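**Student:** Below: one structure in C-alpha cells.
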Amino acid sequence: MKAIKGNKVYTVDELSKKDYLAQGYDITDDNFNVMERSPTATVPYREYEKAVQEAEKLRAELEALKKQKK
C-alpha cells in the first residue's frame with residue numbers, strides 16, 4: 001500500500017494506514033488505485049459547483065418525467 005499527499009509517496013502497512021489517513025494522505029494499492037480517501041480531503045470548488053449544477057439538472061428532468069407519467 002502507498003500513502004499519497006501532494007508529491008509525497010510513502011509505502012505503508014496496515015498498522016500505519018490510520019495514522020496517514022488522519023494526516024491527510026490518501027491510501028492506494030501498489031498500482032496507485034485509490035483504496036481509501038483521507039477524511040480530511042476536500043473537493044475543489046469547481047468540482048462542487050459542477051456536481052450541484054448536475055443535481056439541479058437531474059431534479060428538473062425527474063420532475064418533467066413525473067409530470068409526463070401523470
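**Student:** In segment 31-45, which residues are surrounded by fewer than 11 Cβ atoms within 10 Å (Cβ to Cβ) and either at pLDDT below 90 or not assigned by TED's automatic domain parsing to the domain that holds Lys18 (or both)?
**Tutor:** Pro39, Thr42, Val43, Pro44, Tyr45 - these are the residues of segment 31-45 that are surrounded by fewer than 11 Cβ atoms within 10 Å (Cβ to Cβ) and either at pLDDT below 90 or not assigned by TED's automatic domain parsing to the domain that holds Lys18 (or both).
**Student:** I need every pair where a residue in segment 36-52 that is within 14 Å of Ala3 (Cα to Cα) has its Cβ under 7 Å from the Cβ of a residue that is surrounded by 10 or more Cβ atoms within 10 Å (Cβ to Cβ) and of a type in the set (Phe, Trp, Tyr), sequence separation at least 6 or different chains.
**Tutor:** Ser38/Tyr25
**Student:** Scan Val43, Val34, Val52 and give me the residue that is β-branched (Val, Ile, Thr) and in contact with a strand residue (DSSP E or B) (Cβ under 6 Å, 6 or more places away or on another chain).
**Tutor:** Just one listed residue meets the conditions, Val34.
**Student:** Condition (residue is within 30 Å of Tyr10 (Cα to Cα), in a helix (DSSP H, G or I) and more than 13 Å from the chain's Cα centre (by Cα)) applied to segment 46-65: is it met by at least one residue?
**Tutor:** Yes: one or more hits.
**Student:** Any residue in segment 1-20 that's polar (S, T, N, Q): show its pairings with residues that are not in a helix (DSSP H, G or I) at Cβ separation under 7 Å, as long as the two are six or more apart or on different chains.
**Tutor:** Close Cβ pairs (under 7 Å, with a partner that is not in a helix (DSSP H, G or I)) amount to Thr11/Lys2.
The values are calculated or read from the model by the stated rules, or taken from the named source; none is laboratory data. Being a predicted model, the structure only gives us computed values, none of them experimental. Backbone-built Cβ (ideal geometry, glycine too); neighbour counts: all protein chains shown.
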